[in-house]
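Enquirer: Right, I'll just put the structure down here and ask away after.
The values are calculated or read from the model by the stated rules, or taken from the named source; none is laboratory data. The structure displayed is predicted, hence computed values, not measured ones. Ideal geometry is used to build each Cβ from the backbone, glycine not excepted, and the neighbour counts take in all protein chains shown.
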Amino acid sequence: MRTDWADVYRQMYQDVVRFLYRKVWDADRAHDLAQETFARCLRQEPDNARALVFTVASNLARDEARTVLRRKKHLTLIKVEPQPQPATPAEEAERTAQHEAVRAALAELSERDRDVLLLWDAGMSYDEIAQQTGLAVGAIGTTLARARRRLVEAHEALEGRKHAAR
């Protein structure tokens with residue numbers, strides 16, 4: 001017997017959103033994740049649709065939490081925070097030097113690593129990154145982890161060379 005996903009959606013959508021909201025504490029993100037949950041479930045014919053929907057929703061919420069943590073931990077090198085007040089010439093010079101160091105570190109990466117890193121930093125999902133780069137969705141996480149590590153290593157190497165040259 002085929003699952004009537006339209007009926008499941010009508011019956012469960014609000015419950016799934018409420019569940020996800022309590023996981024991510026962002027109403028808009030909870031709605032987005034709920035939509036993604038049902039989109040992923042459409043591909044399957046479960047014995048228990050409710051169990052499948054909440055399993056997928058739980059996994060997406062967990063992945064979202066990991067993504068948020070990674071975003072906080074990684075890529076601070078390419079984050080540019082707006083200056084609340086006009087910068088002094090020394091601060092401007094420091095910021096320019098930091099930007100140049102980031103550009104140089106990014107230039108050290110392979111084109112694939114740089115593209116994946118920048119697409120992810122722009123907020124694209126793994127599926128969207130895969131479509132843009134031609135990589136398999138399953139390879140995106142590994143590629144991102146390696147690209148982040150290589151970016152940090154390149155930045156540290158460039159900083160080391162700069163300090164050694166002084």
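Enquirer: Do you know which residues across the stretch 112-132 are modelled with pLDDT of 85 or more and more than 18 Å from R70 (Cβ to Cβ)?
Expert: Of everything in the stretch 112-132, just one residue is modelled with pLDDT of 85 or more and more than 18 Å from R70 (Cβ to Cβ), namely R112.
Enquirer: Please go through the stretch 1-33 and give me each residue that is free of Cβ contacts under 8 Å to residues at least 40 places away in the same chain, of a type in the set (A, V, I, L, M) and over 15 Å from A65 (Cα atoms), ordered by number.
Expert: Of everything in the stretch 1-33, those that are free of Cβ contacts under 8 Å to residues at least 40 places away in the same chain, of a type in the set (A, V, I, L, M) and over 15 Å from A65 (Cα atoms) turn out to be M1, A6, V17.
Enquirer: Report, by residue number, each residue of the stretch 16-26 that is assigned to a helix (DSSP H, G or I) and either modelled with pLDDT under 90 or assigned by TED's automatic domain parsing to the domain that holds D127 (or both).
Expert: R18, F19, L20, Y21, R22, K23, V24
Matching residues to (1) in contact with a helix residue (DSSP H, G or I) (Cβ under 6 Å, 6 or more places away or on another chain); (2) over 28 Å from R22 (Cα atoms); (3) at pLDDT 80 or above:
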residue: T37; (1), (2), (3): yes, no, yes
residue: P46; (1), (2), (3): yes, no, yes
residue: V53; (1), (2), (3): yes, no, yes
residue: N59; (1), (2), (3): no, no, yes
residue: L77; (1), (2), (3): yes, yes, no
residue: P89; (1), (2), (3): no, yes, yes
residue: E92; (1), (2), (3): no, yes, yes
residue: T96; (1), (2), (3): no, yes, yes
residue: A105; (1), (2), (3): yes, yes, yes
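Enquirer: For L135, all conditions in the list (1) surrounded by 14 or more Cβ atoms within 10 Å (Cβ to Cβ); (2) outside any loop (DSSP other than H, G, I, E, B) hold save one; what is the number of the exception?
Expert: If we test L135 against (1) surrounded by 14 or more Cβ atoms within 10 Å (Cβ to Cβ); (2) outside any loop (DSSP other than H, G, I, E, B), just (2) comes out false.
Enquirer: If you don't mind, there's one more thing I want to ask. I'd like the full set of residues that are acidic (D, E) and under 10 Å from L60 (Cβ atoms), limited to the stretch 19-39.
Expert: D32, E36 - these are the residues of the stretch 19-39 that are acidic (D, E) and under 10 Å from L60 (Cβ atoms).
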